[in-house]
Amino acid sequence: MRKRIPLSPFLPSVVYVFGALTGAASLQAQSQPLFQNATLTGSGNAVNATRVPVVTPSGSIVYVDVSLQFNADATGNLTLASGSPQISLSASIVSSSFKAGTYIASSNKLNGSGIIVVSGPGIADGGATVWTSVAGVGAFQETYPVNVTWYVGPMANSPYAARVKAAGLTSTVYSYGVIGAQYDIWATNDLVGVSQTGNAITFTRFTNNGKDMPSPVDQITFNLKP
């Protein structure tokens, strides 16, 4: 099981390495890694920080991934393992133009009060991203889909790749995901394609009565709230 581990005792070593990578000792004190904005995970003897923003003296931001491995002596004292930390540039994230925020359905849908909140991007391997949508506060009680999780990145690495292939879906317009909670015929675990054009996000359902289909069964569009 992964758990979050504070990195503060080891930041001096990490900052030193950042300075070495720039090739200028003067940048060590001026460039600022913002670990509070990174994703921190721990597993075994390793701590990983994904997409650490590093603000340079010019104000630009570079994103890096940091991996720290530790050795422990007989009394439990921790020391950095040889070759640690390891730092590399983060992969460019894939978002397909999705925008986080509050969206509303058109006035002729969902009693004029269809409200959803789109959140993301959550970072997955190789720069892929994970997005979620849930019914917002004050939403019409029959708002659908209640919640959706979808993956943006290479289809071969998608957790939904097998279902998409089996359904005969080949369109690259969509990023595919699943419904997490049921309302009416938009059922839990139904396969959904999500697409965004400008400030409009569309959810297209590809499952009918538990069977994935090669063409759309239903869809609904929401618009980003100003």
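Can you compute the charge dipole magnitude of segment 48-169 about its Cα centre, using +1 on each Lys and Arg Cβ and -1 on each Asp and Glu Cβ, nothing else charged? Give it in debye, rounded to the nearest 20. Walk me through the numbers on the way to the answer.
Numbers: 5 positive and 4 negative charges, 83 e Å.
I would put it at about 400 debye.
Any chance you could check the Cα centroid distance between segment 94-151 and segment 175-205 for me, in angstrom?
9 Å
Could you line up VAL192, VAL130 from fewest to most neighbouring Cβ atoms inside 10 Å?
On the way: VAL192 25, VAL130 18.
If I rank by nearby Cβ atoms, fewest first, I get VAL130, VAL192.
Spelling out what I want: for every residue of segment 147-155, take phi, set θ = phi - 60°, compute 6.51 cos²θ - 1.76 cosθ + 1.60 (Karplus), and round to whole Hz; glycine and proline get x.
7, 9, 10, 9, 10, 10, x, x, 4
Using θ = phi - 60° and the Karplus curve 6.51 cos²θ - 1.76 cosθ + 1.60, what whole-Hz ³J(HN,Hα) does each residue of segment 111-126 get, with Gly and Pro shown as x?
After applying 6.51 cos²θ - 1.76 cosθ + 1.60, I find 6, x, 10, x, 10, 10, 10, 9, 10, x, x, x, 8, 10, 4, x Hz.
Taking the Cα atoms of segment 101-224, what is the range of coordinates along each of the three principal axes, in descending order and whole Å?
38, 32, 23
Calculate one ³J(HN,Hα) per residue across segment 43-48 by plugging θ = phi - 60° into the Karplus curve 6.51 cos²θ - 1.76 cosθ + 1.60, and present them in order as whole Hz with x for glycine and proline.
Using θ = phi - 60°, the values come out as 8, x, 9, 10, 10, 10 Hz.
Long-range amide H contacts for GLN182: which residues qualify at under 5 Å (H placed 1.01 Å from N, peptide plane, sequence gap of 5 or more or a different chain)?
Excluding prolines and chain starts, which carry no amide H, the hits are THR188.
Which one of ILE87, ALA139, ALA100 has its Cα pushed farthest toward the positive end of the charge dipole of segment 50-163, where Lys and Arg give +1 and Asp and Glu give -1 at the Cβ?
Farthest towards the positive pole: ALA139.
Computed from the coordinates by the stated procedures, all read-outs in this text should not be read as laboratory data. Since the structure is predicted, the reported quantities are computational estimates derived from the model, not experimental observations. Virtual Cβ from ideal backbone geometry, glycine too; neighbours counted across all protein chains shown.
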